[in-house]
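What follows draws every value from the coordinates through simple rules; no lab data is involved. Note that the structure is predicted; figures quoted are calculated from it, not measured. Here Cβ is always computed from backbone atoms with ideal geometry, including for glycine, and neighbour counts include all displayed protein chains.
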Amino acid sequence: MRKYLLKRIGISVATLLAILLILFLMLEFMPGSPFNDEKLTADQIALLNAKYGLDKSVFIRFFNYVKNMLTGDFGVSYTISKNTPISTLLQTRLPVSTRIGGQAVLLGTLVGLILGITAALKHNTVWDTITTIISVLGVSLPSYVFALALSYSLGYKLQALPLLYSLDNPFESSVLPTIALAMFTVATIARFTRTEMLEVLGTDYMLLAESKGISGIRLIVRHQLRNALIPVITVLAPLVVGLMTGSLVIEKIFSIPGIGSLLVTAIQSNDYNVIVAIAFIYSAMYIAIMLVVDVLYGVIDPRIRLAKEVSHE
C-alpha cells in the first residue's frame with residue numbers, strides 16, 4: 001500500500017505541473033492583456049510587462065512561477081487589487097468558500113445516506129416514494145432555485161435567517177447557502193445509496209450473514225451499507241471539490257466573498273496570476289480528494305487494496 005501511495009503522489013505532482021503548464025499556454029493565447037486601459041501608451045504597457053516579467057517567454061515564466069510557488073509565492077494581482085499578493089487575496093476568501101462547502105458536503109452526505117438507507121429498507125413504501133421525489137427535485141432543479149426559495153420563505157417571509165452572508169455572523173448567515181448547495185448532494189447520495197443497497201440486499205453474502213443470525217443495525221452497517229459505499233464515495237468525490245471551492249451563483253445570491261466570484265472577476269480582467277492560483281487550488285483539491293478516495297476504497301474493501309498492491313508490484 002505504501003508503494004502504491006508513493007507512486008500515486010508522484011503521479012499527482014506530475015499532473016499538477018502539467019495542468020499549470022497548460023494554464024500558462026492557454027493564457028498566452030488569450031486575447032488582450034492585464035493592461036487594457038486605453039489611457040496607457042504602448043511604451044507604458046511595455047514597461048508594465050517588463051516589470052511583471054510578462055515580456056519573457058511562456059516557459060521561462062512557467063519555471064519561475066513553479067519555483068516561487070514552492071515558497072508559497074503565487075505572485076501579485078495585476079488589476080483586481082494592484083500589487084497585492086495573491087495569498088493575501090485568498091486568505092480571506094478561500095476559508096469562507098471552504099467552510100460553507102464543507103458544511104454543505106457534511107449536511108448533504110448525512111441526509112442523503114439517511115434517506116437512501118431508509119428508502120432501501122422501506123422499499124415500495126411511502127418513504128421510498130418521498131426519497132425518490134426528493135432525489136428527482138434535487139437533481140433536476142439548479143441550486144439557485146433552492147437558494148431563491150429559501151431566501152424568500154425563511155429569509156424574507158419568516159425572517160428566521162439572514163438573507164445575506166455576514167462576516168460578523170458567519171454561522172447563522174451561512175445556513176441558507178449551505179442548504180441550497182447541499183440539495184444536489186442530498187439527491188445524488190440518496191439515489192445511489194438506495195440503488196446500491198437494494199442490489200446488495202439480494203446477494204449471497206447477505207443471505208449468508210442472515211443465516212448466521214446477524215441482524216438489525218449490525219447487518220445494515222457492517223455488511224449492507226459497507227458494500228454499498230464504494231460507488232457512493234466515487235460519486236461524492238467530485239461533488240466535494242465543487243462544493244468546497246464555492247458556487248458562483250450561490251455566492252452572488254447571498255453576497256458571499258468566496259473564490260468563485262474572485263475567479264470570474266479575474267477572468268474578466270485578465271488577471272493571470274489570480275486565474276492560475278485559483279485553478280491550481282481547484283486542481284490540487286480534486287487530485288487530493290481522489291487520492292483519499294483510493295485510500296478509502298482499501299479501508300472499506302480490503303480486496304481492492306490487495307488488488308492494487310498486486311497490480312503495482
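Each peptide among 188-198, 92-102, 38-48 gets the average number of other Cβ atoms lying within 10 Å of its residues, and from highest to lowest they stand as 188-198, 92-102, 38-48.
Below 19 Å Cα-Cα, how many Lys pairs turn up in region 10-155? Only count pairs eight or more apart in sequence, or on different chains, if you could.
On the way: LYS39/LYS51; LYS39/LYS82; LYS51/LYS67; LYS51/LYS82; LYS56/LYS67.
Lysine pairs meeting both conditions in region 10-155 amount to 5.
Residue separation of TYR152 and SER81 scaled by 0.36 nm, minus their Cα-Cα distance, works out to 22.1 nm of gained length.
A simple spin-label model places pseudo-atoms 7 Å from Cα toward Cβ; at LYS122 and ILE22 they are separated by 4.5 nm. Each Cα pair under 8 Å and six or more residues apart adds its sequence gap; the mean of these over the residue count of region 1-132 is a relative contact order of 12 percent.
The stretch between MET30 and LYS7 holds 4.8 nm of extra length on full extension. This uses 0.36 nm per residue minus the Cα-Cα distance.
Our estimate of slack between THR88 and VAL235, defined as 0.36 nm per intervening residue step minus the Cα-Cα distance, is 49.6 nm.
Is region 1-129 best put as rounded, prolate or oblate by its Cα gyration tensor, with a ≥ b ≥ c the root eigenvalues, rounded for a/c under 1.5, and otherwise prolate when a/b is larger than b/c, oblate when not? Because a/c hits 1.5 or more and a/b exceeds b/c, region 1-129 counts as prolate. For VAL76, the residues 5 or more places off, or on other chains, whose built amide H falls under 5 Å of its own are ILE86.
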